[in-house]
Amino acid sequence: MKLKFLVLASIILLNTLTLRAQWGESAKQIFESPKLKSEVTTHKLVAILPFSVSLTYRKQPKNFSADANNQQEVKMATSIQSSMYTFLLRKAKDYSVTFQDVEKTNILLKKAGMFEKMDQFTKDEVAKVLGVDAVLGGRFEQEQTKSDGVALASAVLLGGFGGKTGSASTFLTLNNGPDGELLWRFFKAMDDGLGTSTDDLVERMMRKVSRNFPYEK
């Protein structure tokens, strides 16, 4: 039985690696407003908002808890926000603007009653409350596609790095503070490896953004 399981896991792993070799990760998609270059030159302070997060499963796991899943989405929303701030702060000399401390951002959002219902406010309303020139936000969507057993077998066979256990897509958006207009949007679909942290996610995403990031000097 154990041998059959390992053979099955090996076949699945081989198919996964073959598909990766053929297709890789999907191409990035970028939108830039005609006003982008002129507007970003006026920006000095930019806020990073908590990300919108959606965690789903192709096949719902046993003992699935909707409440626990929602809590995980909320936790990940601020975790990605924090990882993004850390990344941008580490490379601050490369950017033409300053990024507001995310702790201050979240405190101001909570005081204004916006934190848990961001989708009910326009971006210019949010920017006014935060006192910033623009807001950087985003969305992360993840779908788990493998069972825990197969994912674990893939991780063992790959020497601990993990195989593709799901799919994920990330969106980054930059909105102008005074009028809330969308200035820039970045989309990327990525393979989601077993054990990927939000720091790893942001690192991978920002490598794809590269010099397309509006505030890159």
Count - residues of the stretch 87-124 that are of a type outside the set (Phe, Trp, Tyr) and within 13 Å of ALA47 (Cα to Cα): 16
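Any residue at all in the stretch 60-74 that is modelled with pLDDT of 50 or more and closer than 17 Å to MET206 by Cβ?
Taking the stretch 60-74 first, the residues modelled with pLDDT of 50 or more are 60-74.
Narrowing the set further to residues that are closer than 17 Å to MET206 by Cβ leaves none.
Checking the stretch 60-74: not a single residue is modelled with pLDDT of 50 or more and closer than 17 Å to MET206 by Cβ.
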Tally, over the stretch 70-89, of residues that are in contact with a strand residue (DSSP E or B) (Cβ under 6 Å, 6 or more places away or on another chain) and farther than 14 Å from PRO50 by Cα: 1
Pair list, Cβ under 7 Å, 6 or more apart: the stretch 199-212 residue under 12 Å from LEU172 (Cβ atoms), other residue modelled with pLDDT of 80 or more and surrounded by fewer than 18 Cβ atoms within 10 Å (Cβ to Cβ): VAL202/PHE87; MET206/PHE87; ASN212/ILE30
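Determine whether ILE30 is touching a helix residue (DSSP H, G or I) at 6+ places or on another chain (Cβ under 8 Å), of a type outside the set (Ser, Thr, Tyr) and either free of Cβ contacts under 8 Å to residues at least 12 places away in the same chain or in a strand (DSSP E or B) (or both). Walk me through it before giving the result.
On the way: touching a helix residue (DSSP H, G or I) at 6+ places or on another chain (Cβ under 8 Å): yes; of a type outside the set (Ser, Thr, Tyr): yes; either free of Cβ contacts under 8 Å to residues at least 12 places away in the same chain or in a strand (DSSP E or B) (or both): yes.
When the stated conditions are applied, ILE30 passes them.
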Subset tally (residues that are in contact with a helix residue (DSSP H, G or I) (Cβ under 8 Å, 6 or more places away or on another chain) and either free of Cβ contacts under 8 Å to residues at least 40 places away in the same chain or crowded, with 21+ Cβ neighbours inside 10 Å (or both)) for the stretch 103-115: 5
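Which one is farthest from THR122 (Cα to Cα), of the residues in the stretch 87-109 that are acidic (Asp, Glu) and not in a loop (DSSP other than H, G, I, E, B)?
Only one residue fits best here, namely ASP94.
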Yes/no for MET84 being in contact (Cβ under 8 Å) with a residue 60 or more places away in the chain, assigned to a helix (DSSP H, G or I) and under 15 Å from GLU143 (Cα atoms): no
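Could you list, in sequence order, the residues of the stretch 1-56 that are small (Gly, Ala, Ser) and modelled with pLDDT of 55 or more? Spell out how you get there, then give the answer.
Here is the first cut: in the stretch 1-56, the residues small (Gly, Ala, Ser) are 9-10, 21, 24, 26-27, 33, 38, 47, 52, 54.
Answer for the stretch 1-56, where residues must be small (Gly, Ala, Ser) and modelled with pLDDT of 55 or more: ALA27, SER33, SER38, ALA47, SER52, SER54.
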Matching residues, the stretch 116-150, being open to solvent by less than 50 Å² (accessible area, probe 1.4 Å) and either at pLDDT below 95 or under 18 Å from the mean Cα position of the chain (by Cα) (or both): MET118, VAL135, LEU136, GLY137, GLY138, PHE140, GLN142, GLN144, LYS146, GLY149, VAL150
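The values are calculated or read from the model by the stated rules, or taken from the named source; none is laboratory data. Please read these numbers as outputs of a predicted model, since none were measured by experiment. Don't worry about glycine lacking a Cβ; one is built from the backbone with ideal geometry, like all the others, and counts go over all protein chains shown. Remember, those area values only see protein heavy atoms, side chains included, never the ligands or the DNA or RNA. Shrake-Rupley method; radii C 1.70, N 1.55, O 1.52, S 1.80 Å.
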